[in-house]
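Data first, discussion second: the structure below is written as structure tokens.
The values are calculated or read from the model by the stated rules, or taken from the named source; none is laboratory data. Everything numeric here is computed off the predicted structure, so don't read it as measured data. Cβ placement follows ideal geometry from the backbone for every residue including glycine, while neighbour counts extend to all protein chains displayed. Heads up: the accessible areas ignore ligands, DNA and RNA and are worked out on the full protein's heavy atoms, side chains in. Shrake-Rupley method; radii C 1.70, N 1.55, O 1.52, S 1.80 Å.
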Amino acid sequence: MKSLLKLTVTNLILYLREPITAFFIIGFPVMLVLIFGAIFGNQPSHLLGGRGSMDISMPGYTALILGTVGLLTVTINTSSYREAGILRRFRATPLSPLVYLTADVLSNQLMTLIGMLCMVIVARLLFHTHFEGNALSVLLGVILGGLSMSSLGYVIASLAPTARMAQVVGMVLFYPMMFISGAAYPSELLPASLKRVADWLPLTYVTRLLRGLWFGGTWSEYRTEALVLVAILAVATLVATRIFRWE
């Protein structure tokens, strides 16, 4: 437990020393809120069920943070650490892969929550966005979504031969998902063919679950989304712990 706490704190410090990573987790979502809020505003519309544009976008932006952390930050950081020999130094210690992965997940989850909190505060202060769900229920949804996305990131990082390849694979997977999953663009506006593609994307289930919980839905109403994410988490974690490479 002591090693886990120390490694988690160290990871958080490394986050703060890496401005690009910190920007994509904390600054980028806030920037999206400012840009899209300035463009679309948050006036209630009957087309959006009486909600404003920013109201319905907040769960999607949260999913966007989770996808960024899981498929880009985790993938790039882990493969870069391996390439720089940092993971090899960990190997020389009694530290198990599970402790390393757990500390990394904890620090990523904390950074995700900080980014989400900053985004929600800015949106609330500037555009008076509304929250209709149960905070604890949404928090659990964020944790489940974050864990499932991060587990995929570890699999990619373990399989990619180099950090550059891991970055390319992460970006190729994430950016199309960002638009097709409904995280950055309402899925209701997509053509039927893309909606069928979206049904196969992990980030789609994160977005649907968070949107439902954000507007007062219950876990039982989004059982399918939750089960899909739990399945992704279980399978990807099993694979990642078996193929994780220190060097």
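Working out 0.36 nm times the residue gap between Phe40 and Thr93, then minus their Cα-Cα distance, what length gain in nm do you get to one decimal?
This chain segment gains 13.8 nm when fully extended.
Quick check: at a probe of 1.4 Å, how many percent of the accessible area of the range 100-154 sits on carbon and sulfur atoms?
C and S fraction of accessible area: 79 percent.
Per residue, how much space in cubic angstrom lies within the convex hull of the C-alpha atoms of the range 164-218?
Measuring per residue, one finds 88 Å³ for the Cα hull of the range 164-218.
Restricting to DSSP H runs of at least four residues, report the calculated mean residue ellipticity at 222 nm for the chain, -39500 (n - 2.57) per run over all residues, nearest 500 deg cm²/dmol.
After summing the helix terms and dividing by residue count, I get -23500 deg cm²/dmol.
Please find the FRET efficiency linking Glu132 to Arg223, where r is the Cβ-Cβ separation and R0 is fixed at 22 Å, and quote it to the nearest 0.05.
That pair, Glu132 with Arg223, gives E of 0.65.
How big is the gap, in Å, between the Cα center of the range 127-147 and the Cα center of the range 1-78?
So the two Cα centres are separated by 13 Å.
So which DSSP H runs in the chain come out at 20 Å plus along the axis (Cα) with average Kyte-Doolittle of at least -0.5?
2-17, 53-67, 97-127, 135-159, 163-180, 223-243
Using the Kirkwood radius over Cα pairs, work out the Stokes-Einstein diffusion coefficient for the range 8-152 at 20 °C and 1.002 mPa s, in µm²/s as a whole number.
130
Express in whole angstrom the spacing between the alpha-carbon centres of the range 87-121 and the range 180-214.
Here the two parts' Cα centres lie 27 Å apart.
If the chain between Ser3 and Leu125 were fully stretched, how many nm would it gain, using 0.36 nm times the residue separation less the Cα-Cα distance?
40.0 nm
Ignoring everything but the protein chains, give the 1.4 Å probe accessible area of Glu247 in square angstrom, nearest 10.
It works out to around 100 Å².
With each pseudo-label sitting 7 Å past Cα toward Cβ, what's the Val172-Arg245 distance in nm, one decimal?
1.7
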